[in-house]
Amino acid sequence: MTQMKQAKHKIVTPAMEYVSRQEEVNAEIIREGIAEGRIVLPHNKNHKMKCPQAIGDGCSVKVNVNIGTSKDYDDFQEELDKAKTAFDYDTDAIMILSTWGDLRGMRRKIVEMSPVPVGSVPIYDAAVKAYQDKKRVIDFSEKDFIQMFKDHAEDGIDFMTIHVGVTKPVVEKIRKTKRILKVVSRGGAIVAGWMIKNNLENPFYSHFDEILSIAQEYDITLSLGDGMRPGAVADGTDDLQLEELFVMGELVERSRQAGVQVMVEGPGHLPIDQVEMNVKLAKKITENAPFFVLGPLVTDCAPGYDHIVSAIGGAIAAMHGTDFLCYVTPAEHVSLPTVEDVKQGLIVSKIAAQAVNASRAAKFKGKAFQREYKMALARKKFDWEEQAKYALDKGEKLKQYQQRRPYDQEGCSMCGPFCAIKIVEEITKG
């Protein structure tokens, strides 16, 4: 049975026990959340996962890292290096979004090495195969939608993005939309293009029962992809986005009835004052399904710094109920990210998550708050090694700036003998 079906039968699985310890809550709370669909625990039966993760109501905010090849940069070893970096810097999940090379081989290798849940976007495989066969990226069959989903399930993928909310009424709105950027989701564009070309309904939608059957068999968590997410701040919260969200609400209910775990993906670009409303609206329409957002990015005027823009939006979104942040790298909208870009993107997203997790944990002195408390004690003692231990970047920046520290006593070269911490400690000790 799936994690959700077992939860409904009041069975606490080993994975639920594990995440309850990680979240520092009673396992029964985790079980109830999964049974009701407020929490997901992605865990494909073919993935021997060391560190399962709980995503959703009452759990700590999680961060996901995207990696993957492109036609111009088809270096699988570099993607393996990115994955290793993501694991080293404590990502909570990883998605493989490769669009060139041995897609299945890469997928299986990442699943094999990943201690955390692995996600993917199956529709990419069909588009890549069509392009490699000298066709257009939308020239594949209706059966390919389902087959790709099943292939990814067999390969051990724990959660899959399917752009199932891109239905015929939504596609009709694309033709009339006043958006500046009509569609920025690759998966959403591929699905919409296929539907227009074939004059058919989205196979993910029309064959959703078949998708649910495969998801049940392998215990896949569905991630309902936001193919119509706004791709510019100027396009935020429009009819295309909302129409798709209402379809998602319908499909969340169908998934839960089938005992399939499901989460919902949220908008990428939004004005900062619309973030709270978007989170609460999504939670309302989907009856508190776990919410997974890319960013959101709250300005489009910082190319090269989009990881910081994303962290700002992510912190606000998480503060208002978002459960899962998809990182953004400095290379977003510009190029395929490097290993260093992956690291920087992950660290700033972890900063956003830590800030929110610590504020939630402060009420009961949980793990995230304890990290803040211990860091404060280390700062008070000028214990640089201890500070590095609690730093989200493993202390790399501390080491870098310690080279600019000629002051030979406690403190740093910013204040030297005028250090506020040192002055007050000496005075108050008499």
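The values are calculated or read from the model by the stated rules, or taken from the named source; none is laboratory data. Treat the numbers as computed from the prediction; the structure is a model and nothing was measured. So basically every Cβ, Gly included, is an ideal-geometry build from the backbone, and we count neighbours across all protein chains shown. For the accessible areas, the whole protein counts, side chains as well, though only heavy atoms, and no ligand, DNA or RNA atoms are used. Shrake-Rupley method; radii C 1.70, N 1.55, O 1.52, S 1.80 Å.
Annotations
- When Ile347, Ile351 are screened for being open to solvent by less than 30 Å² (accessible area, probe 1.4 Å), part of a helix (DSSP H, G or I) and modelled with pLDDT of 90 or more, only Ile347 passes.
- Of all residues in segment 376-388 being open to solvent by less than 40 Å² (accessible area, probe 1.4 Å) and hydrophobic (A, V, I, L, M, F, W, C), the one that is modelled with the lowest pLDDT: Phe382
- Complete set of residues in segment 156-191 that are of a type in the set (D, E, K, R) and open to solvent by 10 Å² or more (accessible area, probe 1.4 Å): Lys168, Glu172, Lys173, Arg175, Lys176, Lys178, Arg179, Lys182, Arg186
- Test: Glu24 is surrounded by fewer than 18 Cβ atoms within 10 Å (Cβ to Cβ) and without any contact (Cβ under 8 Å) to a residue 24 or more places away in the chain: no
- Residue tally, condition assigned to a helix (DSSP H, G or I) and open to solvent by 80 Å² or more (accessible area, probe 1.4 Å), over segment 1-16: 2
- From Val128, Val183, Val166, residue being over 21 Å from Ser349 (Cβ atoms), part of a helix (DSSP H, G or I) and not polar (S, T, N, Q): Val128
- All conditions but one from (1) more than 18 Å from Gln257 (Cα to Cα); (2) in a helix (DSSP H, G or I); (3) among the small types (Gly, Ala, Ser) apply to Ala35; the one that does not is (1).
- Filtered residue count, segment 86-125, keeping only those that are in a loop (DSSP other than H, G, I, E, B), open to solvent by 40 Å² or more (accessible area, probe 1.4 Å) and either more than 20 Å from Arg186 (Cβ to Cβ) or not acidic (Asp, Glu) (or both): 2
- Scope segment 322-331; condition closer than 19 Å to Gly225 by Cα, of a type outside the set (Phe, Trp, Tyr) and either outside any loop (DSSP other than H, G, I, E, B) or touching a His at 6+ places or on another chain (Cβ under 9 Å) (or both); matching residues: Leu325, Cys326, Val328
- Test for Glu210: is it touching a helix residue (DSSP H, G or I) at 6+ places or on another chain (Cβ under 7 Å), part of a helix (DSSP H, G or I), of a type in the set (Asp, Glu) and open to solvent by less than 10 Å² (accessible area, probe 1.4 Å): no
- Selection count where residues are in contact (Cβ under 8 Å) with a residue 40 or more places away in the chain and part of a helix (DSSP H, G or I), scope segment 238-257: 12
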